[in-house]
Every structure is written in structure tokens, then in C-alpha cells.
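No lab work stands behind these numbers, since they all come straight from the coordinates. Predicted model only: the values in this text are computed from it and were never measured. Cβ atoms come from the backbone with ideal geometry, glycine included; neighbour counts cover every protein chain shown.
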Amino acid sequence: CRNHLTSMGLAIAIIFSSQTIVGILGNCSLLFHYLFLYHTEGRLRPTDLILKQLIIANSLSMLSKGVPHTLTAFGLEYFFHNLGCRLLLYVQRVGRGVSISSICLLSVFQTIMISPMNSWWKDLKVKAPKYVGFSITLCWITHIMVNFIIPVYGLYVSEKHSSKNITKKRDYGYCSTSDPEAITGLLFVVLIIFPEVSLSGLMIWASGSMVFILNRHKQRIQHIHSTNVSPRSSAESRAIQSTLVLVSTFVSFYFLSSIFHVGIALIYNPTRWLVNTSALTSMCFPTFSPFLIMTRDSTVPRLCFPRERERENPKPEAGSALSA
């Protein structure tokens, strides 16, 4: 039994460490790419600003969740006290919230920018790029303030009910917290679950609208593409595929992680298996998203292979609105 547990713990440690290393390297590489892009060109596109914030949020999630769980899997446990544990969970929630908001903002912005000039989005097409910076700042402030309520209220209620044994213990491996049952119900749903569900729904709607617009545009110029003998797919098709891949990956991983998050919040003393599974699913999107972005962002190959890209694409492509 000891050998089985040891081998199982080693396997979990390898999975956590591999996922953490790959995720941190991927996000840091993409962040360096955007910093280099800003240094060489002097400015970033609105979508680059949104993606940069997504990378920062993903990095926060990887560092605050991946590193502690990796250390715990290797046998180092309970190295955070109550205050440090709450602070770490706070950083995790802020990173997760900003990540969801960034994907939602990216989808809405792209939908506005690729919409036809005769649509009801036409007035926003000119104003939208100007408000991207403000929207990003608002996302950070909102999640910093909203998630700050939970640990503060938790400490307040914990002191108030310190003489009563009405707590739910959450063992994360690297630390454990005991929160009164009063803060695990309606407060968690209102401050955490409802905003995430709302943002995910808005993001799905915006992405669906974008796919519909691109597909309609593709049908209108189908006769142009029919005369093109190039083996490459059309720009609109590549844009639709990249959008579907990014959004479906986001929805899938965050839907699974939300289920485990709710389980941990509502179950009395959740098992270590549930905590580890929740952490692994939560880090899936921050780990893989930088590589998905690299495959869909035209600036990455343009910086790496400028001559080849100019030779292949001497003129702007029709579907380049996704990178606007």
C-alpha cells in the first residue's frame, strides 16, 4: 500500500510540475513576444492589449496554483498559515476572474470590429478601440474588489463565530482554511458563480455572432475563392476555426473546473483527490491558451519569419479583422 501511494504521489507530482513548467514557459514566452512587439513597433493593437492581460492573468493562476500544488505533491505540505492561505486563494480567484473577463472582452471586441458597416454595431466600431484600455482596467479593479470581499468577510465571520463549531474545512494540501457555513452559500454564488456564468454566456454569444458574420461574408465572396487554386483554406475559414478552437477550449476547461470549484465550496472537508483534480482542470486553459494564441496570432510568425510572410501574403487578407 505504501509503494502504491508513493508511486501515485510521484505521478501526481510529475503531472503538476510538467503542467506548471509548460504553462509558465508558454505564458512568459508570449508575454515577451508582446513586449518585444511593443518595443519594436511602439504600440500594441487593442487585441494585443487584451491578450497581454490574459497572459498576465494566466501567469497569476499558474504561479499561485501550480507552484503550491507541485510542492505539495512532492511532499511539502501546510507551508502557508491561515492568512497566507487566504491571500493565495485571493490571487487565484483574481487571476481566474480576469482570465474569463479577458476572453469575454476579446470576443465582444472582435465581434464589433468585424461587423458590417450597415449593422447596429457601426457606431461602436470607431469607439471600441479607444475603450479597450479602460475596459481592461475596469476588469482588474472589479475582480480585485469583488474577490477582496470574500476573505475579509470570512475573517470577520470567523472571529464572530469562533466559539461555535459551524465551520467547513477545506484542505488544499499546502494550507487549510475553516470558513463558517454562512459564507459558502449565497455569497459564493453571487460573487463568484453568477459573474462567471454571465461572462461565459456573453462570450459564447459574441463568438457565435462572430462566426455567423464571418460565415455570411464567406458565402458572399464564395465565387472569388472558387477561382483560387491555393491549397490553403480561406482567411474567413481559418478565422472561424481559430475562434471555435479558442472558445470551445475555454468553455470546456472552465466548465469542468467550475464543477469542481462548486464541489469544493459546498462539500464538507473535500478529499485530496477532488482538490488535485480541481487544480489540474483549472490550470488546463492557462497552460494551453498561449500555444493556441500563437497559432492564431499573425504577429508571431511575422516577427519570426518576416520575409517569408511578406512573400506569402503581399496584400492584407480578407479575414484579418480578427487581428485588428
The rounded separation in angstrom of the Cα centers of segment 1-66 and segment 77-132 is 17
The number of Lys pairs in segment 42-155 whose alpha carbons lie under 21 Å apart, excluding pairs fewer than 8 residues apart on one chain, is 4
Between M117 and V251, the two model label points (7 Å from Cα along the beta-carbon direction) sit apart by a distance in nm of 3.3
Of segment 115-140, those with amide N under 13 Å from the point 7 Å along the Cα→Cβ vector of R216 are 115-122
Here segment 1-133 gives, from Cα atoms, an Rg and Dmax in Å of 20.1, 69
Burial-style ranking of 105-112, 20-27, average other-beta-carbon count within 10 Å with highest first, yields 105-112, 20-27
One finds, for L76 and Y131 with R0 = 30 angstrom and r their Cβ-Cβ distance, a FRET efficiency to the nearest 0.05 of 0.10
Contour minus Cα-Cα span, L10 to R43, at 0.36 nm per residue, comes to 7.3 nm
Residues meeting the amide H criterion for Y174 (H placed from the backbone, H to H distance under 5 Å, 5 or more places apart or on another chain) are Y78
Each label sits 7 Å from Cα toward the beta-carbon; between F36 and N269 the label points are separated, in nm, by 5.2
Sorting I114, I56, H81 by the position of each Cα along the dipole of segment 44-116 (Lys, Arg +1; Asp, Glu -1; all at Cβ), the one nearest the positive end of that ordering is I114
Simple spin-label estimate for I204/V190, 7 Å along Cα→Cβ, in nm, reads 2.5
